[in-house]
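For reference, the structure discussed in these notes is given below.
The values are calculated or read from the model by the stated rules, or taken from the named source; none is laboratory data. All of these numbers come straight from a predicted model, not from anything done at the bench. Heads up, the Cβs are rebuilt from the backbone with ideal geometry, glycines too, and the neighbour counts pull from every protein chain shown.
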Amino acid sequence: MRAFWHGYVWMRIDGIGEFAARDARDAAEWARVAAFCARHGQAAFSRDPHFGGHVTGSAFVLSPDGASVLLTHHAKLDRWLQLGGHCDGIADVAFVALKEAYEESGLSRIRLLSDAVFDVDIHEIPARGVEPAHLHYDLRYLMQAEAGEIAASAESHVLAWVPLSDLSRYTQAESVLRMARRLAGQGLSEGKNASVTP
């Protein structure tokens, strides 16, 4: 399905949702995700090592006032990242991202701000033990915390509410910084209650 909105091209993939490609990078990444899903079908959402990768879901969780984002210092990767994880066969990536956000944050109420994909990033995960190097076709969704105190899970060294204005002090990961720029471009990082209106 394609529709035009504010100069962007909206594209849809079953199980993932719609995404507004804002530039050539977006369009190329989305095309790779679409091709991977078309090639492998339901198996794209599994962890089967024969495919060289799998779809994953991430959550860019804003604080209640919209001024900060919740990051985890990932135990295995030893860097600050957004929350998220594997689909494990569930072909509903927005649901997976929300589930992972709850499991990894300790928050009691999180709101999905839009069913549309906020960002897409394809990156390599290095080999670890018997698991070979593989790609994560990562779909990110914009969310906002509404209630609860954060508590780190076993997958994290620590969680932190990082002011969007200080994000580069915590991470130089382009995929994380890009989401903050995208948020600012939508006028959602003004310290106000965030909302997305497609």
Quiz prompt | Out of Ala184, Ala154, Ala160, Ala180, sole residue that is in a loop (DSSP other than H, G, I, E, B) and not polar (S, T, N, Q) | solution = Ala154
Self-check item: In the range 67-99, residue farthest from the chain's Cα centre (by Cα) [restricted to those that are farther than 20 Å from Glu18 by Cα and crowded, with 19+ Cβ neighbours inside 10 Å]
Solution: Ser68
Quiz prompt | Options Val130, Val176: the member that is in contact (Cβ under 8 Å) with a residue 60 or more places away in the chain and within 30 Å of Gly53 (Cα to Cα) | solution = Val176
Exercise. Would you be able to say whether some residue in the range 103-119 is surrounded by fewer than 20 Cβ atoms within 10 Å (Cβ to Cβ) and closer than 16 Å to Thr56 by Cβ?
Key: yes
Quiz item: Do any residues in the range 48-69 that are touching a residue at least 12 places away in the same chain (Cβ under 8 Å) and more than 17 Å from Ser105 (Cα to Cα) have Cβ atoms under 6 Å from those of residues that are hydrophobic (A, V, I, L, M, F, W, C) and not in a helix (DSSP H, G or I), where the two are at least six apart or on different chains, and which pairs are they?
Solution: Gly53/Leu135; Val55/Cys87
Quiz item: Taking strands (runs of 3 or more DSSP E) that fall entirely within the range 26-126, which contain at least 2 residues that are modelled with pLDDT of 95 or more and within 19 Å of Arg12 (Cβ to Cβ)?
Solution: 53-62, 119-125
Quiz item: Leu139: farther than 15 Å from Ala173 by Cβ and in contact with a helix residue (DSSP H, G or I) (Cβ under 8 Å, 6 or more places away or on another chain), yes or no?
Solution: yes
Quiz prompt | Yes/no for Phe4 being aromatic (Phe, Trp, Tyr), under 14 Å from Val93 (Cβ atoms) and either modelled with pLDDT of 95 or more or part of a strand (DSSP E or B) (or both) | solution = no
